[in-house]
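The values are calculated or read from the model by the stated rules, or taken from the named source; none is laboratory data. These figures come from a predicted structure and were not determined experimentally. Here the Cβ is made from the backbone with ideal geometry for all residues, glycine too, and neighbour counts use every protein chain on show. Surface areas here come from the heavy atoms of the whole protein model, side chains and all, with no ligands, DNA or RNA. Shrake-Rupley method; radii C 1.70, N 1.55, O 1.52, S 1.80 Å.
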Amino acid sequence: MIDLHIHTTCSDGTYTPEEVVGLCKEQNIEVMSITDHDTIEGLKEGKKKAEELGITFINGIEFSSDYYGKEVHILGYFLNIEDDVFLKEIKMLEKEREKRTELMLEKLKKYGINLTMDDILEEVTGNLISRTHIAGAMYKKGYIRSRKEAFINYIGSGKGAYIPKENLSPSRAVRLIKENGGLAFVAHPKLISLGEKRTFELLDILQEEGLDGLEIYYPSFSSIDIAYYSRIAKERGLIASGGSDFHGGNRREISIGVSNVKNDVYDTMLKRLKIQKNQLKSEEK
Ligand code: AMP
Ligand code: MN
Ligand code: MN
Ligand code: MN
(Lines give C-alpha, C1' and ligand atoms only; values in the text may rest on other atoms or scores of the structure.)
(Ligands and ions follow the chains in the order given, each with its own letter.)
Protein backbone atom coordinates (compact mmCIF):
# COMPACT_ATOMS: atom_id res chain seq x y z
CA MET A 1 0.00 0.00 0.00
CA ILE A 2 1.00 3.59 -0.56
CA ASP A 3 -0.11 7.02 0.74
CA LEU A 4 0.69 10.08 -1.33
CA HIS A 5 -1.07 12.84 0.59
CA ILE A 6 0.19 13.57 4.11
CA HIS A 7 0.53 16.80 6.11
CA THR A 8 2.97 17.50 8.93
CA THR A 9 3.68 20.21 11.49
CA CYS A 10 5.43 22.07 8.66
CA SER A 11 1.96 23.11 7.47
CA ASP A 12 -1.24 22.29 9.38
CA GLY A 13 -0.69 18.72 10.53
CA THR A 14 -0.01 17.75 14.14
CA TYR A 15 2.78 15.18 13.63
CA THR A 16 6.35 16.02 12.64
CA PRO A 17 7.79 14.70 9.38
CA GLU A 18 9.68 12.01 11.34
CA GLU A 19 6.52 11.01 13.16
CA VAL A 20 4.38 10.63 10.02
CA VAL A 21 7.05 8.37 8.53
CA GLY A 22 6.85 6.27 11.70
CA LEU A 23 3.05 6.09 11.32
CA CYS A 24 3.46 4.96 7.71
CA LYS A 25 5.76 2.18 8.91
CA GLU A 26 3.10 1.04 11.41
CA GLN A 27 0.54 0.91 8.60
CA ASN A 28 2.89 -1.04 6.31
CA ILE A 29 2.99 1.78 3.79
CA GLU A 30 5.71 1.08 1.23
CA VAL A 31 5.66 4.37 -0.69
CA MET A 32 4.76 7.70 0.88
CA SER A 33 4.79 11.38 0.11
CA ILE A 34 4.68 14.38 2.43
CA THR A 35 2.54 17.05 0.76
CA ASP A 36 2.41 20.07 3.01
CA HIS A 37 0.52 23.18 1.90
CA ASP A 38 2.81 25.50 -0.08
CA THR A 39 5.99 24.34 1.68
CA ILE A 40 8.75 21.77 1.23
CA GLU A 41 10.22 22.35 4.67
CA GLY A 42 9.55 18.85 5.98
CA LEU A 43 10.89 16.88 3.04
CA LYS A 44 14.54 16.49 4.05
CA GLU A 45 13.67 15.25 7.54
CA GLY A 46 10.97 12.95 6.19
CA LYS A 47 13.17 11.47 3.52
CA LYS A 48 15.98 10.75 5.98
CA LYS A 49 13.64 8.92 8.35
CA ALA A 50 11.97 7.04 5.48
CA GLU A 51 15.37 5.81 4.30
CA GLU A 52 16.12 4.54 7.81
CA LEU A 53 12.82 2.64 7.90
CA GLY A 54 13.01 1.31 4.34
CA ILE A 55 10.07 3.31 2.97
CA THR A 56 10.21 4.84 -0.51
CA PHE A 57 9.81 8.59 -0.10
CA ILE A 58 8.51 11.00 -2.74
CA ASN A 59 9.17 14.73 -2.35
CA GLY A 60 5.74 16.34 -2.51
CA ILE A 61 3.79 19.57 -2.06
CA GLU A 62 0.16 20.70 -2.14
CA PHE A 63 -0.19 24.14 -3.72
CA SER A 64 -3.29 26.20 -3.03
CA SER A 65 -4.59 27.96 -6.10
CA ASP A 66 -7.72 29.84 -7.13
CA TYR A 67 -9.96 29.41 -10.12
CA TYR A 68 -13.11 31.52 -10.46
CA GLY A 69 -13.03 32.18 -6.73
CA LYS A 70 -12.84 28.49 -5.78
CA GLU A 71 -9.86 26.79 -4.19
CA VAL A 72 -8.11 24.28 -6.38
CA HIS A 73 -5.31 22.27 -4.82
CA ILE A 74 -2.46 21.04 -7.00
CA LEU A 75 -0.22 18.23 -5.81
CA GLY A 76 3.39 18.06 -6.98
CA TYR A 77 5.49 14.88 -6.76
CA PHE A 78 9.14 13.92 -7.36
CA LEU A 79 10.23 17.50 -6.71
CA ASN A 80 13.80 18.69 -6.98
CA ILE A 81 14.17 20.65 -3.74
CA GLU A 82 17.43 22.28 -4.80
CA ASP A 83 15.73 24.21 -7.62
CA ASP A 84 16.26 27.95 -6.92
CA VAL A 85 13.35 29.21 -9.01
CA PHE A 86 11.01 26.86 -7.18
CA LEU A 87 12.40 27.82 -3.76
CA LYS A 88 12.01 31.52 -4.52
CA GLU A 89 8.37 31.06 -5.45
CA ILE A 90 7.68 29.22 -2.21
CA LYS A 91 9.32 32.00 -0.17
CA MET A 92 6.93 34.44 -1.81
CA LEU A 93 3.93 32.33 -0.85
CA GLU A 94 5.13 32.29 2.77
CA LYS A 95 5.39 36.11 2.80
CA GLU A 96 1.94 36.37 1.27
CA ARG A 97 0.49 34.27 4.09
CA GLU A 98 2.18 36.48 6.69
CA LYS A 99 0.68 39.62 5.17
CA ARG A 100 -2.74 38.01 5.02
CA THR A 101 -2.55 36.93 8.66
CA GLU A 102 -1.78 40.49 9.74
CA LEU A 103 -4.84 41.71 7.85
CA MET A 104 -7.03 39.04 9.42
CA LEU A 105 -5.80 39.99 12.91
CA GLU A 106 -6.86 43.58 12.17
CA LYS A 107 -10.32 42.37 11.19
CA LEU A 108 -10.63 40.19 14.30
CA LYS A 109 -10.09 43.28 16.46
CA LYS A 110 -13.50 44.53 15.34
CA TYR A 111 -14.99 41.50 17.08
CA GLY A 112 -13.08 42.27 20.27
CA ILE A 113 -10.55 39.57 19.52
CA ASN A 114 -7.11 40.97 20.21
CA LEU A 115 -4.32 38.71 19.07
CA THR A 116 -0.78 39.66 18.15
CA MET A 117 1.39 38.12 15.48
CA ASP A 118 3.42 36.58 18.33
CA ASP A 119 0.29 34.81 19.64
CA ILE A 120 -0.10 33.22 16.21
CA LEU A 121 3.56 32.38 15.85
CA GLU A 122 3.36 30.43 19.10
CA GLU A 123 0.94 28.09 17.33
CA VAL A 124 3.00 27.80 14.17
CA THR A 125 5.25 24.78 14.09
CA GLY A 126 6.85 25.25 10.66
CA ASN A 127 7.44 28.13 8.25
CA LEU A 128 3.86 28.34 7.18
CA ILE A 129 0.98 30.23 8.79
CA SER A 130 -2.54 29.04 8.10
CA ARG A 131 -6.00 29.76 9.46
CA THR A 132 -5.63 26.63 11.60
CA HIS A 133 -3.01 28.50 13.62
CA ILE A 134 -5.21 31.58 13.99
CA ALA A 135 -7.99 29.31 15.26
CA GLY A 136 -5.49 27.72 17.65
CA ALA A 137 -4.48 31.08 19.10
CA MET A 138 -8.13 32.15 19.46
CA TYR A 139 -8.84 28.94 21.33
CA LYS A 140 -5.81 29.24 23.58
CA LYS A 141 -6.70 32.82 24.53
CA GLY A 142 -10.24 31.73 25.39
CA TYR A 143 -12.09 33.61 22.64
CA ILE A 144 -13.81 30.45 21.39
CA ARG A 145 -14.81 27.09 22.88
CA SER A 146 -13.63 25.02 19.93
CA ARG A 147 -11.38 25.63 16.96
CA LYS A 148 -14.31 24.95 14.63
CA GLU A 149 -16.08 27.98 16.11
CA ALA A 150 -13.33 30.18 14.69
CA PHE A 151 -14.25 29.08 11.17
CA ILE A 152 -18.00 29.13 11.71
CA ASN A 153 -18.08 32.65 13.17
CA TYR A 154 -14.99 34.51 12.02
CA ILE A 155 -12.38 33.11 9.64
CA GLY A 156 -14.24 30.56 7.52
CA SER A 157 -14.54 31.43 3.83
CA GLY A 158 -16.82 34.46 3.45
CA LYS A 159 -17.04 35.18 7.22
CA GLY A 160 -16.38 38.64 8.71
CA ALA A 161 -12.67 38.29 9.47
CA TYR A 162 -11.84 36.12 6.46
CA ILE A 163 -9.40 37.33 3.88
CA PRO A 164 -8.68 35.19 0.86
CA LYS A 165 -5.05 34.37 0.14
CA GLU A 166 -3.37 35.72 -2.97
CA ASN A 167 -2.89 32.28 -4.41
CA LEU A 168 -1.17 31.09 -7.55
CA SER A 169 -3.36 30.32 -10.51
CA PRO A 170 -3.78 26.57 -11.03
CA SER A 171 -1.86 26.74 -14.31
CA ARG A 172 1.02 28.58 -12.64
CA ALA A 173 1.13 25.86 -9.96
CA VAL A 174 1.21 23.09 -12.57
CA ARG A 175 3.85 24.95 -14.58
CA LEU A 176 6.06 25.43 -11.50
CA ILE A 177 5.92 21.70 -10.79
CA LYS A 178 6.56 20.71 -14.40
CA GLU A 179 9.47 23.16 -14.77
CA ASN A 180 10.89 21.67 -11.60
CA GLY A 181 10.83 18.23 -13.23
CA GLY A 182 8.00 16.86 -11.10
CA LEU A 183 4.59 15.37 -11.77
CA ALA A 184 1.44 17.46 -11.22
CA PHE A 185 -1.95 16.22 -10.02
CA VAL A 186 -5.27 17.89 -9.24
CA ALA A 187 -6.02 17.09 -5.58
CA HIS A 188 -9.44 15.76 -4.48
CA PRO A 189 -11.28 16.95 -7.64
CA LYS A 190 -14.70 16.37 -6.12
CA LEU A 191 -14.03 19.06 -3.53
CA ILE A 192 -13.68 21.70 -6.26
CA SER A 193 -17.17 23.12 -6.39
CA LEU A 194 -16.98 24.48 -9.91
CA GLY A 195 -19.49 22.28 -11.68
CA GLU A 196 -18.67 19.87 -14.48
CA LYS A 197 -18.32 22.39 -17.29
CA ARG A 198 -15.81 24.66 -15.52
CA THR A 199 -13.96 21.66 -14.06
CA PHE A 200 -13.49 20.18 -17.53
CA GLU A 201 -12.42 23.57 -18.87
CA LEU A 202 -9.89 23.75 -16.01
CA LEU A 203 -8.60 20.26 -16.82
CA ASP A 204 -8.20 21.27 -20.48
CA ILE A 205 -6.09 24.26 -19.45
CA LEU A 206 -4.00 22.27 -16.97
CA GLN A 207 -3.39 19.46 -19.42
CA GLU A 208 -1.96 22.08 -21.80
CA GLU A 209 0.56 22.81 -19.03
CA GLY A 210 1.37 19.14 -18.67
CA LEU A 211 -0.95 17.97 -15.88
CA ASP A 212 -0.23 14.31 -15.15
CA GLY A 213 -3.19 13.11 -13.17
CA LEU A 214 -6.07 13.32 -10.73
CA GLU A 215 -6.22 12.33 -7.08
CA ILE A 216 -9.04 9.83 -7.13
CA TYR A 217 -8.53 7.57 -4.12
CA TYR A 218 -9.52 9.93 -1.32
CA PRO A 219 -11.22 9.27 2.05
CA SER A 220 -14.45 11.17 1.37
CA PHE A 221 -14.94 9.79 -2.16
CA SER A 222 -17.60 7.12 -2.60
CA SER A 223 -17.11 4.22 -4.99
CA ILE A 224 -19.39 6.11 -7.40
CA ASP A 225 -17.11 9.16 -7.19
CA ILE A 226 -14.08 6.97 -7.76
CA ALA A 227 -15.69 5.36 -10.82
CA TYR A 228 -16.69 8.77 -12.18
CA TYR A 229 -13.23 10.32 -11.83
CA SER A 230 -11.50 7.16 -13.02
CA ARG A 231 -13.48 7.38 -16.23
CA ILE A 232 -12.53 11.03 -16.70
CA ALA A 233 -8.87 10.25 -16.01
CA LYS A 234 -8.93 7.38 -18.48
CA GLU A 235 -10.59 9.43 -21.22
CA ARG A 236 -8.02 12.18 -20.77
CA GLY A 237 -4.95 10.00 -20.40
CA LEU A 238 -4.44 11.13 -16.80
CA ILE A 239 -2.99 8.97 -14.02
CA ALA A 240 -5.17 8.16 -11.01
CA SER A 241 -3.39 8.79 -7.70
CA GLY A 242 -4.52 8.89 -4.11
CA GLY A 243 -3.84 9.40 -0.45
CA SER A 244 -5.35 10.03 2.96
CA ASP A 245 -4.83 13.82 3.38
CA PHE A 246 -3.73 12.95 6.89
CA HIS A 247 -3.54 15.97 9.25
CA GLY A 248 -3.21 14.15 12.59
CA GLY A 249 -5.32 15.70 15.36
CA ASN A 250 -6.46 18.47 13.03
CA ARG A 251 -8.57 15.91 11.15
CA ARG A 252 -8.95 13.20 13.73
CA GLU A 253 -11.15 10.81 11.76
CA ILE A 254 -8.58 10.31 8.99
CA SER A 255 -5.68 7.91 9.48
CA ILE A 256 -2.73 7.14 7.24
CA GLY A 257 -3.42 4.55 4.57
CA VAL A 258 -7.25 4.78 4.70
CA SER A 259 -7.52 5.36 0.96
CA ASN A 260 -6.11 1.90 0.19
CA VAL A 261 -3.96 3.04 -2.71
CA LYS A 262 -2.11 0.18 -4.37
CA ASN A 263 1.53 0.09 -5.44
CA ASP A 264 0.70 0.01 -9.15
CA VAL A 265 -0.26 3.71 -8.89
CA TYR A 266 3.37 4.36 -7.98
CA ASP A 267 4.62 2.18 -10.85
CA THR A 268 2.48 4.17 -13.30
CA MET A 269 3.86 7.43 -11.90
CA LEU A 270 7.43 6.18 -12.27
CA LYS A 271 6.80 5.26 -15.89
CA ARG A 272 5.44 8.74 -16.59
CA LEU A 273 8.42 10.31 -14.84
CA LYS A 274 10.83 8.27 -16.93
CA ILE A 275 9.14 9.36 -20.16
CA GLN A 276 9.33 12.97 -18.99
CA LYS A 277 13.04 12.68 -18.19
CA ASN A 278 13.77 11.15 -21.58
CA GLN A 279 11.83 13.93 -23.30
CA LEU A 280 13.83 16.57 -21.44
CA LYS A 281 17.07 14.82 -22.38
CA SER A 282 16.18 14.68 -26.06
CA GLU A 283 15.13 18.35 -25.98
CA GLU A 284 18.53 19.27 -24.52
CA LYS A 285 20.33 17.51 -27.36
P1 AMP B 1 -5.48 28.52 4.90
O2 AMP B 1 -4.55 27.69 4.08
O3 AMP B 1 -4.75 29.49 5.77
O4 AMP B 1 -6.59 29.16 4.12
O5 AMP B 1 -6.19 27.54 5.93
C6 AMP B 1 -6.81 26.41 5.46
C7 AMP B 1 -6.84 25.38 6.55
O8 AMP B 1 -7.78 25.74 7.53
C9 AMP B 1 -7.30 24.04 6.01
O10 AMP B 1 -6.22 23.26 5.56
C11 AMP B 1 -7.98 23.42 7.20
O12 AMP B 1 -7.01 22.72 7.99
C13 AMP B 1 -8.47 24.60 7.99
N14 AMP B 1 -9.91 24.83 7.75
C15 AMP B 1 -10.49 25.48 6.71
N16 AMP B 1 -11.84 25.54 6.85
C17 AMP B 1 -12.12 24.91 8.02
C18 AMP B 1 -13.33 24.62 8.74
N19 AMP B 1 -14.52 25.01 8.28
N20 AMP B 1 -13.22 23.95 9.92
C21 AMP B 1 -12.01 23.57 10.39
N22 AMP B 1 -10.85 23.79 9.76
C23 AMP B 1 -10.89 24.45 8.59
MN1 MN C 1 -4.78 21.39 5.51
MN1 MN D 1 -6.33 19.98 -0.20
MN1 MN E 1 -4.09 18.18 1.83
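Counting only heavy atoms of the protein chains, get the accessible area per residue of the range 161-226 (1.4 Å probe) and round it to a whole Å² value.
Using a 1.4 Å probe on heavy atoms only, each residue of the range 161-226 averages 41 Å².
What ranking, highest mean first, results for peptides 147-157, 222-232 when packing means the other Cβ atoms within 10 Å averaged over each residue?
In decreasing order of mean packing, 147-157, 222-232 become 147-157, 222-232.
Okay, helix-only estimate at 222 nm for the chain: each DSSP H run of n ≥ 4 adds -39500 (n - 2.57), divide by all residues, round to 500 deg cm²/dmol; what do you get?
So the helix-based figure for the chain works out to -14500 deg cm²/dmol.
So for the range 87-163, what are the equivalent ellipsoid semi-axes in whole Å, largest first, each being the square root of 5 times an eigenvalue of the Cα gyration tensor?
Working from the Cα gyration tensor, I get semi-axes of 21, 13, 11 Å.
Compute the long axis of helix 84-109 from its Cα atoms, compare it with the longest principal axis of the Cα atoms of the chain, and write down the angle in degrees, 0 to 90, nearest 10.
30
I want the antiparallel fraction of DSSP beta bridges within the range 32-189, as a percent rounded to 5.
70
Just how far, in whole angstrom, is the range 1-75 from the range 236-285 if you go by their alpha carbon centroids?
After rounding, the separation between the Cα centres reads 12 Å.
Too long at a 24 Å Cα-Cα cut-off: which of 110/165; 47/274; 49/165; 165/274; 91/190; 109/148?
49/165; 165/274; 91/190
Restricting to Cα atoms and excluding each atom paired with itself, what does the Kirkwood estimate give for the chain in Å?
It is 19.5 Å.
Where the accessible area of the chain is counted over protein heavy atoms with a 1.4 Å probe, how much of it, in %, is carbon and sulfur?
Carbon and sulfur: 49 percent of the exposed surface of the chain.
Compute the acute angle (0 to 90°) between the alpha-carbon long axis of helix 223-236 and the principal axis of greatest extent of the alpha-carbon atoms of the chain; round to the nearest 10°.
50
With a probe of 1.4 Å, find how much accessible area the range 28-151 has per residue, and write the answer as a whole number in Å².
So the range 28-151 comes to 49 Å² accessible per residue, rounded to a whole number.
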